[in-house]
Amino acid sequence: MKMEYKLIKDCLKGFILTREPETVTDELIISFTGAPAFATAVFENEDGNSLYRLLKDDTCAIPADFLRGRVKVTVAVLNGKDNASKYACEGIYAKPVPPVGVIVCPDGLDIAQELISAHSEIQELNKRLAELNKRFDTLDEKLVKLLDGYDFE
């Protein structure tokens, strides 16, 4: 079974594009479109167990026996720097169904609402950036006027 995520750089969130429930018998292959170079996917199941997978060609695999309940998903560059990208991704809901395997699906079924929320967040950040640029331009003008009267030669 293959699941595909789309990582959105502007808001550092990831959404599952594969929306239909699937059955996993051996391992779940997950691809992360838009993942930064040298990224690691971090999975935490409902038992509190964590699984780290270095992405190769934006893809990794998770064993079926790890998938239980709500699985949290994060994609990050684990390089020890404070400014490293960290994507909070939509979770996976997994239900073991012996002897069939594990049924997996997105944990958040209201993807449209999530996308609208992310888009609103991006618009708000762009608005704040424009306000900061305007304030910077005002300060720059004041500094130029202040320094006009001085001869620095």
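Just so you know, all these numbers are worked out from the coordinates, no wet-lab data involved. Just so it is clear, the model here is predicted, and its values are computed rather than measured. Using ideal geometry, Cβ is built from the backbone for each residue, glycine included, and neighbour counts are taken over all protein chains shown.
Modelled label-to-label distance, GLU44 and PHE136, 7 Å Cα→beta-carbon offset: nm?
A separation of 3.5 nm, rounded to one decimal place.
Compute the angle between helix 111-148 and the longest alpha-carbon principal axis of the chain, please, reported from 0 to 90 degrees and rounded to the nearest 10.
On a 0 to 90 degree scale, this one is about 20.
Between ASP10 and LEU78, what FRET efficiency comes out of the Förster formula 1/(1 + (r/R0)^6) with R0 = 30 Å and r the beta carbon distance, rounded to 0.05?
Result of the calculation: an efficiency of 0.85.
State the volume of the convex hull built on the alpha-carbon positions of region 32-117, expressed per residue in Å³ and rounded to an integer.
Values: hull volume 10.2 nm³, N = 86.
In region 32-117, the Cα hull volume divided by residue count equals 118 Å³.
Given PHE136, LEU28, ASN83, which one lies farthest toward the positive end of the charge dipole of the chain, if we put +1 on the Cβ of every Lys and Arg and -1 on the Cβ of every Asp and Glu?
Towards the positive end, the residue furthest out is LEU28.
Do the sum for the chain: with -39,500 (n - 2.57) for every DSSP H run of n ≥ 4, divided by all residues, what is the mean residue ellipticity at 222 nm, to the nearest 500 deg cm²/dmol?
-9000 deg cm²/dmol, from helical runs alone.
Taking 1 over the mean of 1/r across every pair of different Cα atoms in the chain, what Kirkwood radius in Å do you get?
When all Cα pairs of the chain are included, the Kirkwood radius is 18.0 Å.
Pairs LYS6/LYS72; LYS13/LYS127; LYS81/LYS142; LYS56/LYS86; LYS13/LYS134: which exceed 25 Å Cα-Cα? Mind dumping the intermediate values first?
Numbers: LYS6/LYS72 16 Å; LYS13/LYS127 20 Å; LYS81/LYS142 36 Å; LYS56/LYS86 17 Å; LYS13/LYS134 28 Å.
Flagged as over cut-off: LYS81/LYS142; LYS13/LYS134.
Determine the gain in length on full extension of the stretch ASN126-GLU27; use 0.36 nm per residue of separation and subtract their C-alpha separation, reporting nm with one decimal.
Going from the current span to full extension adds 31.6 nm.
Say the dipole of the chain comes from +1 at the beta carbon of Lys and Arg and -1 at that of Asp and Glu; which of GLY108, SER50, LEU67 then lies farthest toward its positive end?
Most positive-ward Cα: LEU67.
Taking the Cα centre of the chain as origin, work out the dipole magnitude from +1 charges on Lys and Arg Cβ and -1 charges on Asp and Glu Cβ, in debye rounded to 20. Don't skip to the answer; put the middle values down first.
Working: 19 positive and 26 negative charges, 45 e Å.
That gives a dipole near 220 debye.
Could you work out the local net charge near SER85, counting Lys and Arg as +1, Asp and Glu as -1, over the other residues with Cβ closer than 13 Å to its Cβ? Provide the component values of the computation, followed by the final result.
Details: positive: LYS9, LYS13, LYS81, LYS86; negative: ASP10, ASP82.
Value of the local net charge: +2.
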